[in-house]
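Asker: Structure provided below as C-alpha cells; questions to follow.
A short reminder: the numbers here are calculations on the coordinates, not readings from a lab. This structure is a prediction, so every number in the text was calculated from the model and none was measured. Neighbour counts run over all protein chains shown; Cβ positions are idealised from the backbone, glycine included.
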C-alpha cells in the first residue's frame, strides 16, 4: 500500500447527503460527489493487513486493497479495471449494496472501517465522467445460443459474461423494460435509471438481445395464474418454456424471488392495502414518464408501512416525496443497538441500528410491534390498524414472537404498504422443469453447477438463494455463467467462481 500508516492518520469520510428539505422535493439521488483528494485519503486508510478479510466479506471477492491503493495513487483507470475484474456492475453495488466488505474490514475491529463502498462507487463514476463504458465485444463466436429469463442483476451479469464468451444471448423480461427490481423496485432517489440504462446500452452494444413484455412459463393453460400485479399479464406475450428449451442450447432462469409475504389478518380484503412492489413500481413508472397518473398514492394520507427493511425504507422515502400526511413504519424485531453487542463480534455483519436517507427525512419507526387487525368504518375502505407490542424469544432454536397483553393500540391509516420481504420464486410457472420438492425454503433446486433437473436448464440468483443482496445476485449470475459456458463448450475461459456452491447457499 502507498501509505501504510494512513489508517492511523486519517478518519473515515463518506459522501454527504443533499439537504433534506431540498431532496424531499425531487427524486434525484441523495448523495453528493466526493473530490479526488478526499477519495485518495480514504484509499490511504486501507491498512495492508496480512489477511484481507474484506475479500471474504464480499460475495464477489472484489480485490479491495488493490483498487483502494490505485485510488490513493490517483490511478483511476487501473482502479476501474481492477474493480471490473470481479464485478460487472459496481455502479449498482456502490449504490445499493449494504457493504458486507466493510463489516469484515480489519480496521473495523477497533475503529471505523475503510469507506470501501464509497471508493467503489467513486471509481466507476470517475470513469463515467470522462467516457462511456466501452463494450467488450468477443472476437470469437461459438454459434451457441443461450436464453436468460429475467433481467435483474443476476440475469444481467450472466448475460454479459456469456456474450463476452462468444455466445448468442437473449434475455427475456416480462416487465416493460429490462432491469427487474433495479428498474421497478428501486426508487430514483437511491439509483437514477440513467445509471441502469447506460449499462443496458453497453450490454446491447456487446450483442445481448432483450425481449421485454414476454413471459416465459411452462404453465400455458392458465396464463394469468400467479402473475403479480406489478407485471400485468395482459401486457405480456407468452412463450412456453418448452419452446425456449428447444430453441436454445442452454437456458438460465434468473426470475428472482417475487412472491411477496402477505399478512392474512382480519380485514385484509379492505381497500387501501397494497404490496410494496405494486406501490414502488407504479411510482417508478410515473417518474420515468410511462404513467400519467398514480392509482396508489400517499398524498395527504396516513400511511402505515409494515416491514422495517430496505423495501420499507424505499416506501418511506417515496411516501415522503408524495407528501403523505403521516407515516409509521412497523418492525416486529426489537430496536437494534447503536454499536456492536458482545455476541456480534467482528468479522460478522454488525447488527446495529441503521438510519437510511429516508429515515432522516421523516416518518416514525416503531419496533417490537405487530399488526393484528385491519379496521374499517364502512366495511369497504381501510380506516385504521390494530397493533400490539411483541416479546421475542427462542423456542426449539427458532425465533418466536408473543403478543404482550394490554399493549393494543389503534393507529389511524388509509394506506398500508406490505413490505415484509418475499417468500420465494413463482414455482407454479416452472414446476415441469424444476424439482423444488426437497427444498423446504421453496426455492429452485439446482446442483453444484447451478443446473436444474433438466440438463440444459440452469437457475441462479434469488430464485435459488431466496431474497438476498444485489451483490449475491451478481456473484451467482457470474458463477452460473461459468457453468453454462463450460456445459456448452466443455471448458470455460470465464473467471472461475470465487465462491463454491455450498458457500453461496449457506
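Asker: Using the Kirkwood radius over Cα pairs, work out the Stokes-Einstein diffusion coefficient for region 75-211 at 20 °C and 1.002 mPa s, in µm²/s as a whole number.
Answerer: Answer, rounded: 133 µm²/s.
Asker: Taking the highest mean first, how do the peptides 135-148, 314-327, 154-167 order by number of other beta carbon atoms within 10 angstrom per residue?
Answerer: Output ranking for 135-148, 314-327, 154-167: 154-167, 314-327, 135-148.
Asker: Provide the packing ranking of 350-357, 485-492, i.e. peptides ordered by the mean count of other C-beta atoms within 10 Å per residue, highest first.
Answerer: Going by the mean number of other Cβ atoms within 10 Å, highest first, we get 485-492, 350-357.
Asker: If you take every DSSP beta bridge whose two residues both sit in the chain, what share of them, in percent to the nearest 5, is antiparallel?
Answerer: DSSP beta bridges in the chain are roughly 35 percent antiparallel.
Asker: With the calculation restricted to Cα positions, what are the radius of gyration and Dmax of region 333-463 in angstrom?
Answerer: Expressed in Å, the Cα Rg and Dmax of region 333-463 come to 20.7, 57.
Asker: Based only on Cα atoms, what Rg/Rh ratio does region 239-333 have, Rh being taken as Kirkwood's radius?
Answerer: Ratio value, two decimals: 1.11.
Asker: So for the pair residue 246, residue 344, with labels modelled 7 Å out along Cα→Cβ, what separation do we get in nm?
Answerer: 5.4 nm
Asker: Any idea how far the Cα center of region 373-399 sits from the one of region 156-205, in Å?
Answerer: 38 Å
Asker: Calculate, in nm to one decimal, what residue 112 and residue 237 gain on full extension: separation in residues at 0.36 nm each, minus their alpha carbon distance.
Answerer: Additional length available on full extension: 39.9 nm.
Asker: Could you list 101, 46 so that the one with the fewest beta carbons within 10 Å of its beta carbon is first and the one with the most is last?
Answerer: In order of increasing Cβ crowding within 10 Å: 101, 46.
Asker: Determine the calculated [θ] at 222 nm for the chain from helices alone, applying -39500 (n - 2.57) to every DSSP H run no shorter than 4 residues and normalising by the residue count; nearest 500 deg cm²/dmol.
Answerer: Mean residue ellipticity, 222 nm, calculated: -8500 deg cm²/dmol.
Asker: Next question. Show me the ranking of peptides 456-466, 278-288 by mean Cβ neighbours inside 10 Å, starting with the highest.
Answerer: 456-466, 278-288
Asker: Take the alpha carbon atoms of the chain, find their radius of gyration, then divide it by 2.2 N^0.38 Å using N residues; give the quotient.
Answerer: After normalising by residue count via 2.2 N^0.38 Å, the value is 0.99.
Asker: If you average 1/r across every pair of different Cα atoms in region 263-420 and take the reciprocal, what Kirkwood value do you get, in Å?
Answerer: One over the average 1/r among Cα pairs gives 16.8 Å for region 263-420.
Asker: Just from the alpha-carbon atoms, what are the Rg and Dmax of region 6-130 in angstroms?
Answerer: Rg then Dmax for region 6-130, in Å: 14.2, 47.
Asker: For 450, 472, 346, what ranking results if the residue with the fewest other Cβ atoms within 10 Å of its Cβ goes first?
Answerer: 346, 472, 450
Asker: Express in whole angstrom the spacing between the alpha-carbon centres of region 114-138 and region 1-42.
Answerer: If we compute the Cα centre of each part, the gap is 16 Å.
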